[in-house]
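Note sheet for the following structure.
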Amino acid sequence: MCSGRFSYHPGGNSAAHLVCIHPENHSILKDIEFSSVENHPEELVINDTKDMLYYRYPGGIYKIGICG
């Protein structure tokens, strides 16, 4: 998870990304850009079976499956 830049950064706000990277060759398999530059996801965790990610974002806690 790339949280993006906050307003106090010299470059200003930027959108956060959730990026799936291939473990062997480090290529990007999937890049999900969050729609808001004002809000930033936090507290990324993985479940015990290692197939779901959870993160906090304004409005609640969200989940997304691990890319394959």
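Applying a threshold of 9 Å to beta carbon distances and a minimum spacing of six or more residues, or different chains, the list of pairs starting in the stretch 27-55 at a residue that is farther than 24 Å from Asn13 by Cβ and ending at one that is hydroxyl-bearing (Ser, Thr, Tyr) and surrounded by 13 or more Cβ atoms within 10 Å (Cβ to Cβ) reads Val45/Tyr54; Val45/Tyr55; Ile46/Tyr54; Asn47/Tyr54. State which residue is least open to solvent (accessible area, probe 1.4 Å) when the search covers only the stretch 42-68 and only residues that are under 20 Å from Ile28 (Cα atoms) and not in a strand (DSSP E or B). It comes out as Cys67. If you go through the stretch 17-36 and keep only what is aliphatic (A, V, I, L, M) and either exposed (fewer than 10 other Cβ atoms within 10 Å of the Cβ) or over 13 Å from the mean Cα position of the chain (by Cα) (or both), you end up with Ile28, Leu29.
The values are calculated or read from the model by the stated rules, or taken from the named source; none is laboratory data. It should be emphasised that the depicted structure is a prediction, and the values quoted were computed from it without experimental measurement. Neighbour counts run over all protein chains shown; Cβ positions are idealised from the backbone, glycine included. Keep in mind that these areas ignore ligands, DNA and RNA; they rest on the heavy atoms of the full protein, side chains included. Shrake-Rupley method; radii C 1.70, N 1.55, O 1.52, S 1.80 Å.
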